[in-house]
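The next block holds one structure in the form of structure tokens; read it before the comments.
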Protein chains: 2
Amino acid sequence: MKVFKIPEATVMRLSVYSRHLTQLIGEGVVNVSSGEIAKGVGVSSAQVRKDLAYFGEFGTRGVGYNVQELYSHIMRILGLNNCWNVMIVGAGKLGSALAIYKGFADRGFKVRALLDTDPDKIGTKLAEDLVVEPITVLEERVKDENISIGIVTVPGDTAQEVTDKLVEAGVGALLNFSPRVLRVPESVILRNVDLSVNLELLSFYLSYGTAR
Amino acid sequence: MKVFKIPEATVMRLSVYSRHLTQLIGEGVVNVSSGEIAKGVGVSSAQVRKDLAYFGEFGTRGVGYNVQELYSHIMRILGLNNCWNVMIVGAGKLGSALAIYKGFADRGFKVRALLDTDPDKIGTKLAEDLVVEPITVLEERVKDENISIGIVTVPGDTAQEVTDKLVEAGVGALLNFSPRVLRVPESVILRNVDLSVNLELLSFYLSYGTAR
């Protein structure tokens, strides 16, 4: 398949569309128009068509999209027809919260390991099959569990060190919750998450008084 | 000021620009071009100009933007020249992690109260001035602390009830981390946060093999 430079915003909207389609499937809806999807998620129907057009031709003129087919297609585009094995490094409050975050497992992201350096945290059982392990087992666990995605939830001052270890162990994609700007090789995918961006959207709308 | 319908993606990029400008201020940079901002944050310079154009004329042809002025302007647009008082309802792992998340305070969001129904959690001290309080004080604390933003981190089955209480107490904007779709009056700003969207971006890029 040809690789396009797909805007990140498009990928994020695909996530949103897929959630809406899940709901429609649950309601037994068979066909849906771009206008109906647009209304359901709060974007324009032109945007829906443009987003989907990046990935080829879907739908039938006058009939719209078959809900189940479109859903499967989007999930395949997002790589969610696979299950992804995830390691979290940093078993503080945020790391522990993410380790048991239901939304991850629901979308095929399985947290297989949660590591920390703190002896007080090591051995803590977070779920039936998830116990905090020492960071010394990082490389071994990445290989054993076939980890593709690493989540960095350590404090800023150790974030780069942890990142280097994950990259060296062969983890191809990283989600960084630490406040530090991380350096990774070109081949590694890195995404920084700043949770305050969500609050800033609220602050903007509160200040401007524009509706949702 | 005239209220435009500003795309959410633009607001989120303003957040990103402001962070980059903070860094430039720290480095003592006085003027910056849209091209330099674009390069610094990984978007096109046309995008930077388009985003800023929503809010009027900035910058001087051939000179670019004054870094400090542009920063102040963006912070004002985002409503971050104010400090916002925040209440979190749900002192589980995620709620507790958010309550002490440094990124919030750095951007002017002050978590003034953290509430829960669980007697085992009530009284837990998370920071010097932050102790878990019973949910019965919700209305009183919203008024006393002049809370503008509520964060919902309770389980799905109590999320709507908590939301109703926050709305009734006069909270104008809500961030929902629960998996439940919440109903709020038109006048209340609601944003749902699904942390798995960030992982889905990684999954997409891993599957497509496109670079950052």
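Values for this structure:
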item: Verdict on B:Ser72 being more than 24 Å from B:Asp106 (Cβ to Cβ), away from every other protein chain (no Cβ under 14 Å) and either touching a residue at least 24 places away in the same chain (Cβ under 8 Å) or among the small types (Gly, Ala, Ser) (or both); result: no
item: B:Arg61 vs. criteria at pLDDT 90 or above, outside the structural domain of B:Leu114 (by TED's automatic domain parsing) and basic (Lys, Arg); result: no
item: Positions within segment B:121-139 being away from every other protein chain (no Cβ under 14 Å) and of a type in the set (S, T, N, Q), in sequence order; result: B:Thr136
item: Options A:Ala97, A:Ala159, A:Ala169: the member that is in contact with a strand residue (DSSP E or B) (Cβ under 7 Å, 6 or more places away or on another chain) and either of a type outside the set (Phe, Trp, Tyr) or closer than 30 Å to B:Arg191 by Cα (or both); result: A:Ala159
item: Segment B:140-156, subset in contact (Cβ under 8 Å) with a residue 12 or more places away in the chain and surrounded by fewer than 14 Cβ atoms within 10 Å (Cβ to Cβ), residue farthest from the other protein chains (Cβ to nearest Cβ); result: B:Lys143
item: Filtered residues of segment A:137-156 (kept if under 21 Å from A:Ala97 (Cβ atoms) and part of a helix (DSSP H, G or I)); result: A:Leu138, A:Arg141, A:Gly156
item: Identity of the residue in segment B:93-120, within 13 Å of another protein chain (Cβ to nearest Cβ), modelled with pLDDT of 95 or more and not in a helix (DSSP H, G or I), that ends up surrounded by the fewest Cβ atoms within 10 Å (Cβ to Cβ); result: B:Lys110
item: Residue in segment B:163-171 that is under 19 Å from the mean Cα position of the chain (by Cα), under 27 Å from A:Val41 (Cα atoms), hydrophobic (A, V, I, L, M, F, W, C) and part of a strand (DSSP E or B) present; result: no
item: Members of segment A:185-212 that are assigned to a loop (DSSP other than H, G, I, E, B), among the hydrophobic types (A, V, I, L, M, F, W, C) and over 19 Å from the mean Cα position of the chain (by Cα); result: A:Ala211
item: Extreme residue, surrounded by the fewest Cβ atoms within 10 Å (Cβ to Cβ), among residues of segment B:75-89 that are within 11 Å of chain A (Cβ to nearest Cβ) and touching a residue at least 40 places away in the same chain (Cβ under 8 Å); result: B:Met75
item: Contacts under 7 angstrom Cβ, first residue in segment A:182-194 being at the interface with chain B (Cβ under 8 Å from one of its Cβ atoms) and surrounded by 19 or more Cβ atoms within 10 Å (Cβ to Cβ), partner outside any loop (DSSP other than H, G, I, E, B) and aromatic (Phe, Trp, Tyr), 6 or more apart; result: A:Ile189/B:Tyr205
item: Candidate set: segment A:17-37, residues that are of a type in the set (S, T, N, Q) and touching a residue at least 40 places away in the same chain (Cβ under 8 Å); chosen: the one farthest from the other protein chains (Cβ to nearest Cβ); result: A:Thr22
item: Residue that is surrounded by the most Cβ atoms within 10 Å (Cβ to Cβ) [pool: residues in segment B:35-49 that are modelled with pLDDT of 90 or more and β-branched (Val, Ile, Thr)]; result: B:Ile37
item: Breaking point among (1) more than 13 Å from chain A (Cβ to nearest Cβ); (2) without any contact (Cβ under 8 Å) to a residue 60 or more places away in the chain, for B:Gln47; result: (1)
item: Test: residue in segment B:121-138 that is charged (D, E, K, R) and in contact with an Asp or Glu (Cβ under 7 Å, 6 or more places away or on another chain); result: no
item: Those residues of segment B:139-156 which are under 22 Å from A:His20 (Cβ atoms) and either among the small types (Gly, Ala, Ser) or at pLDDT below 95 (or both), in sequence order; result: B:Gly156
item: Filter result for B:Leu199 (touching a residue at least 24 places away in the same chain (Cβ under 8 Å) and surrounded by 19 or more Cβ atoms within 10 Å (Cβ to Cβ)); result: no
item: A:Leu166 being within 12 Å of another protein chain (Cβ to nearest Cβ) and not polar (S, T, N, Q); result: no
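The values are calculated or read from the model by the stated rules, or taken from the named source; none is laboratory data. Nothing here was measured: the structure is a model prediction, and the numbers come from that model. Glycine also receives a Cβ, built like all others from the backbone with ideal geometry; neighbour counts cover every protein chain displayed.
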